[in-house]
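Q: Encoded as structure tokens, here's the structure I'll be asking about.
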Amino acid sequence: MSVVQPNKTLYVLLPVAAAFILWAAVDFSNYLVERQLLASKAMEAIREASNAHDIVDAIIGKARARLSPVDHGDNFLRATALDSWVKGEGQCGDAARVIVLMLRSVGIDAGRVYLRAEPENYFHVAVAYHVGERSYLVDTVNSTSEFRRFVETHRQHALDEIEMPNSQFSSYSYVNWGRLGPFMQVDHQSRLPSMAVLFMESPLLVLALLKAGVARSATPAGSTAWSQTTRPCPENGGEPSALQNRSHNTHPQRPTGGARDEVTATALAQCRASQPESFGTCDQTVGADHIR
């Protein structure tokens with residue numbers, strides 16, 4: 001007979017799961033704060049805007065006024081939009097994250113764009129916003145005066161109408177493959193799905209989901225920590241546990257009903273055949289034994 005026993009690992013995994021759930025809740029709460037803050041700042045900026053291009057210009061002006069250009073070096077983990085806004089500083093990629101999320105909060109599809117001047121790397125991160133099937137390039141921060149003038153000159157030109165290579169960049173990509181050696185010179189020039197842009201620009205949301213997934217895998221329903229352990233019964237030669245002594249019947253199961261009557265009659269007949277002179281004794285012994 002098998003008895004369900006909690007695996008000892010469970011008592012370690014449950015506190016770990018609880019810690020990751022709390023950690024994920026903090027990240028998700030910060031993500032909601034970030035989303036609400038940027039949406040409110042975007043709405044403040046576009047009160048007098050009349051079309052999509054005016055909305056974009058107003059939001060970019062708001063973001064540039066807030067974010068002072070800095071150079072943090074080539075860090076692998078970038079700042080969140082919330083951190084950049086609260087600190088009031090950021091690199092071109094940090095500003096792109098803020099601008100993209102602000103534009104998306106007011107219904108304008110946008111995404112970051114990596115600009116390449118040399119085959120080996122990208123030199124700047126700008127933003128492309130989409131109106132219908134056309135995409136337009138706008139600048140962020142930390143750019144040269146020549147690049148800003150170039151963008152202003154081509155402000156009304158769709159991205160696919162800008163000649164490449166040109167005096168500022170040779171190509172562009174919606175994905176930065178520069179950190180993956182074999183794909184360093186690959187440019188992805190198709191617009192990314194909206195959900196992909198959301199995850200790319202919302203590291204707080206990604207972290208919350210990852211931590212919640214770790215917590216889920218550490219709980220009994222998501223792991224093998226709670227398993228069935230088969231413990232042998234005494235009649236099979238094993239040592240019973242205290243729980244088994246309470247829950248497991250170590251005596252053979254006695255027949256009931258018609259089966260019990262048949263067994264009683266058979267035993268009584270065998271007793272009388274072996275002791276013909278002691279019918280009464282057989283009746284008392286067999287009857288008492290099979291009534292218990």
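Q: Which one of Glu163, Glu120, Glu146, Glu133 is among the acidic types (Asp, Glu) and under 27 Å from Trp85 (Cα atoms)?
A: Glu146
Q: Evaluate the following for Ala25: is it among the small types (Gly, Ala, Ser), surrounded by fewer than 15 Cβ atoms within 10 Å (Cβ to Cβ) and either under 13 Å from Ser105 (Cβ atoms) or at pLDDT 95 or above (or both)?
A: So Ala25 passes the test.
Q: I need a count of the residues in the range 39-85 that are assigned to a helix (DSSP H, G or I), hydrophobic (A, V, I, L, M, F, W, C) and either over 32 Å from the mean Cα position of the chain (by Cα) or more than 16 Å from Val141 (Cβ to Cβ) (or both).
A: 9
Q: Also: Taking the criterion of being modelled with pLDDT of 90 or more and charged (D, E, K, R), would at least one residue in the range 172-186 satisfy it? Break it down stepwise before answering.
A: Quick first cut of the range 172-186, residues modelled with pLDDT of 90 or more only: 172-175.
Keeping just the survivors that are charged (D, E, K, R) gives none.
So far as the range 172-186 goes, no, none of its residues is modelled with pLDDT of 90 or more and charged (D, E, K, R).
Q: Counting residues that are in the same structural domain as Thr80 (by TED's automatic domain parsing) and free of Cβ contacts under 8 Å to residues at least 12 places away in the same chain, which helices (runs of 4 or more DSSP H) fully inside the range 91-208 reach at least 3?
A: Once the helices (runs of 4 or more DSSP H) in the range 91-208 are filtered for at least 3 residues that are in the same structural domain as Thr80 (by TED's automatic domain parsing) and free of Cβ contacts under 8 Å to residues at least 12 places away in the same chain, what remains is 145-153, 194-201.
The values are calculated or read from the model by the stated rules, or taken from the named source; none is laboratory data. Every value quoted in this text rests on a predicted model; they were computed, and no experiment measured them. So basically every Cβ, Gly included, is an ideal-geometry build from the backbone, and we count neighbours across all protein chains shown.
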